[in-house]
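See structure below.
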Amino acid sequence: MRMYDIIMKKRNGGELSDEEIRYFIEGYTKGEIPDYQVSSLMMAIYFQKMTARETLTLTLAMADSGEKLDLSAVNGIKVDKHSTGGVGDKTSLALTPIVASLGVPVAKMSGRGLGHTGGTIDKLESFPGFSTAISNDTFIKNVNEIGIAIMGQTADLAPADKKLYALRDVTATVDNMSLIASSIMSKKLAAGADSIVLDVKTGSGAFMKTEEDSFALAREMVEIGRNAGRKMSAIISNMDQPLGYAVGNALEVIEAIDTLKGKGPADFTELVYALGAEMLVNGGKAKDRQEATDMISEVISSGKALDKLAEFVKAQGGDPEYVYNTDLFELGKIVVEVKAPKAGYISHIDCDEIGICSLMLGGGRETKESVIDLSVGIRLLHKVGEHVDEGDILGTFYANDNEKCNAAIERFLRAYHIDEDCVPYPNMVIGII
Ligand code: URA
């Protein structure tokens, strides 16, 4: 088999065989096929697309390219959740203790974030002492005894995807549906869960800007997962404005805790319930969404979900007191209230721009090596559809550097659009597959 022939076949619109796909993935992972040939193939795929069968084979080949997490020692049906990412997305922090307190084991390998704010691990490190550097044995023991464990990405999961994604990133071949779906699903399949619940974001702060593309991506990933023998669901959710009110690591943890106390923002709470219901049904703990919703309400009002978070934080070295008293979290020392320049209805918030403001304060990583300031961020006070008077506070900034804070505020004010006409509140959950 020759890479040249594979590139030419795809360039001419042909369908690659399973053997050809596995040949190029294995060869590329081992370093036997050079970047220039694979980038050329990526460009051919970008224009000629892939069939569902090709996409499935590509996903499985990438999932098979490295280690796989063996969760067979974890009792029960393991349900994983994946979000395509967005601004203020702290969903895992609230969702995992909820489902764990209802008997769905959470055995999660998470990463650090690049961009707006940190990833789940960065956010969890807002609890002093919390560590994800735990052994495999402790990981499995904690899941079986407590119901949740989160480990840093130590295993070499889907190394073919790591190489391919880096190459696509610099060759303008990221935004192809089959390549995105196979990239995400290869890592999820290698992470070993029996069921995967996807949160596919749509809107100005999402990877997929239109509902049509978001539904298509969700359908493609669900199809791959089902063909690989996993139970799948996907929620298509709004990312046209930040999720909830908090953007920034410690601030987002506080908001997730408030949600577990039943005092979370309406949009974020709705999403947590929707994803939680899918996880409980897929995990065999609820017969339908209605029963699952009632179960979630119960563990929130009884405090069981909050206690589960405290138990999990303690088991991984963190101080559980912070769960019960969020005033303990350290926040930026410079606190600035940003006021509305005029009266009217908030018609639009440039979602990505709010994420960039948090990044400018030091809350996100510009490069993999950047050190994150967990204490900085923005707490929004008003969102799309709400009316404000001139001088009302739009958001509170928590910063540690005056210059960075002023630059971020300037950008923040440009991201808020205030108009005379009333606009409806956007829907949070746009679809379920
Ligand atoms: N996230 C991924 O992991 N892969 C992609 O291709 C795009 C987003």
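The values are calculated or read from the model by the stated rules, or taken from the named source; none is laboratory data. Computed from a prediction, not measured in an experiment: that's the story for all the values here. Virtual Cβ from ideal backbone geometry, glycine too; neighbours counted across all protein chains shown. Keep in mind that these areas ignore ligands, DNA and RNA; they rest on the heavy atoms of the full protein, side chains included. Shrake-Rupley method; radii C 1.70, N 1.55, O 1.52, S 1.80 Å.
Summing +1 for each Lys or Arg and -1 for each Asp or Glu, what net charge is found among the other residues whose Cβ lies under 13 Å from the Cβ of residue 48? Show your work: numbers first, answer last.
On the way: positive: 9, 10, 11, 49; negative: 15, 54.
Every neighbour counted, the sum reads +2.
Could you work out the Rg to Rh ratio of the stretch 248-317, with Rh taken as the Kirkwood radius (inverse of the mean 1/r over all Cα pairs)?
0.99
Let me check the size of the stretch 71-196 from its C-alpha atoms; what are the radius of gyration and Dmax in Å?
Just the Cα atoms of the stretch 71-196 yield Rg and Dmax of 15.2, 46 Å.
Between residue 30 and residue 75, what is the label-to-label distance in nm when each label sits 7 Å out along the Cα-to-Cβ direction?
Once both label points are built, they end up 4.3 nm from each other.
Evaluate the distance, in nm, between pseudo-label points positioned 7 Å from the Cα of residue 219 and of residue 429 along their respective Cα→Cβ axes.
2.1
Regarding the stretch 1-92, what's the average projected area of the Cα-atom convex hull, expressed in nm²?
Quarter of the Cα hull surface area: 8.7 nm².
Once you have the Cα-Cα distance between residue 297 and residue 131, take 0.36 nm times their residue separation minus that, and quote the gain in nm to one decimal.
Computed gain between residue 297 and residue 131 is 56.8 nm.
Which log10 I(q)/I(0) values, to two decimals, does the chain give at q = 0.06 Å⁻¹ under the Debye formula with one point per Cα?
For the requested q values the scattering log ratios are -0.25.
I'd like to know which of 276, 309, 229 lies farthest towards the positive end of the charge dipole of the chain, counting +1 on Cβ of Lys and Arg and -1 on Cβ of Asp and Glu.
229
Say a paramagnetic label sat at a point 7 Å from the Cα of residue 166, along Cα to Cβ; which residues of the stretch 29-51 have their backbone N under 20 Å from it?
Only 29-43 fall inside the zone, counting backbone N under 20 Å.
List the residues, sorted by chain then number, that are 5 or more residues from residue 109 or on another chain and whose placed amide H is less than 5 Å from its amide H.
Here the answer is 151, since their amide H atoms fall under 5 Å of that of residue 109.
How large is the Kirkwood hydrodynamic radius of the stretch 79-324, in angstrom, based on all distinct alpha carbon pairs? Let's see the in-between values first.
Working: mean 1/r = 0.0551 Å⁻¹.
Averaging 1/r across every pair of different Cα atoms and inverting gives 18.2 Å.
If I take the Cα coordinates of the stretch 272-415 and project them onto the principal axes, what are the three extents in Å, biggest first?
50, 39, 29 Å, listed from the longest principal axis down.
Please report the net charge: other residues with Cβ closer than 11 Å to the Cβ of residue 343, K and R +1, D and E -1.
Values: positive: 342; negative: 389, 390, 392, 419, 420.
For residues surrounding residue 343, the net value is -4.
Using the scaling law 2.2 N^0.38 Å as the reference, what is the normalised Cα Rg of the stretch 330-419?
The value comes to 1.09.
Mind checking the dipole of the stretch 200-241: about its Cα centre, +1 per Lys or Arg Cβ, -1 per Asp or Glu Cβ, Debye to the nearest 20? Provide the component values of the computation, followed by the final result.
Values: 6 positive and 6 negative charges, 58 e Å.
Charge dipole, the stretch 200-241, about its Cα centre: 280 debye, nearest 20.
Let me know the charge dipole size of the chain about its Cα centre in debye, to the nearest 20, where only the beta-carbon of Lys, Arg (+1) and Asp, Glu (-1) is charged.
On the way: 45 positive and 63 negative charges, 223 e Å.
Around 1060 debye, computed over the chain.
Please compute the length gained on full extension between residue 5 and residue 327, using 0.36 nm multiplied by the number of residues separating them and subtracting their Cα-Cα distance. Walk me through the numbers before you get to the answer.
Details: separation 322, 0.36 × 322 = 115.92 nm, distance 6.25 nm.
Additional length available on full extension: 109.7 nm.
Under 14 Å from the Cβ of residue 421, count the other residues' Cβ atoms, weight Lys and Arg +1, Asp and Glu -1, and hand me the total.
Result for the local shell: -2.
So what's the Cα pair-distance distribution over the stretch 3-48, bin width 5 Å, in %?
Taking all Cα pairs of the stretch 3-48, the binned fractions are 5, 24, 36, 25, 9, 1 percent.
Would you mind pulling out the separation of the Cα centroids of the stretch 227-278 and the stretch 387-416, in Å?
24
What does the helix-only formula give at 222 nm for the chain: each DSSP H stretch with n ≥ 4 adding -39500 (n - 2.57), the total divided by the residues, and the result rounded to the nearest 500 deg cm²/dmol?
Calculated mean residue ellipticity at 222 nm is -14000 deg cm²/dmol.
Would you mind giving the three semi-axes, in whole Å and largest first, of the ellipsoid equivalent to the stretch 382-433 according to its Cα gyration tensor?
Result for the stretch 382-433: semi-axes of 27, 17, 9 Å.
Per the 1.4 Å probe, what fraction of the accessible area of the stretch 123-195, in percent, lies on carbon and sulfur atoms?
The nonpolar share, carbon plus sulfur, comes to 52 percent.
Please compute the length gained on full extension between residue 337 and residue 175, using 0.36 nm multiplied by the number of residues separating them and subtracting their Cα-Cα distance.
Gain on stretching residue 337 to residue 175: 54.5 nm.
Rounded to two decimals, what is Rg over Rh for the stretch 209-350 when you use alpha-carbon atoms and the Kirkwood radius?
So for the stretch 209-350, dividing Rg by the Kirkwood Rh gives 1.02.
Put a dot 7 Å past each Cα toward the Cβ at residue 19 and residue 266; how far apart are the dots in nm?
Using points 7 Å along Cα→Cβ, the separation is 6.0 nm.
Work out the length of the dipole vector of the stretch 330-419 about its Cα centre, built from +1 on the beta-carbon of each Lys and Arg and -1 on the beta-carbon of each Asp and Glu, and round it to the nearest 20 debye.
Using only the charged Cβ atoms, the result is roughly 100 debye.
Please name which of 394, 418, 380 has its Cα lying farthest along the dipole of the stretch 330-419 towards the positive end, using unit charges on Cβ (Lys, Arg +1; Asp, Glu -1) and the Cα centre as origin.
Looking along the dipole axis, the top candidate is 380.
Give me the lysines in straight-line cross-link reach of residue 231: C-alpha distance below 22 Å, same-chain residues under 8 apart excluded.
Qualifying lysines at Cα under 22 Å: 68, 78, 81, 108, 187, 188, 201, 285, 287.
For the chain, what proportion of DSSP beta bridges, expressed in % and rounded to the nearest 5, is antiparallel?
So the antiparallel bridges in the chain amount to around 50 percent.
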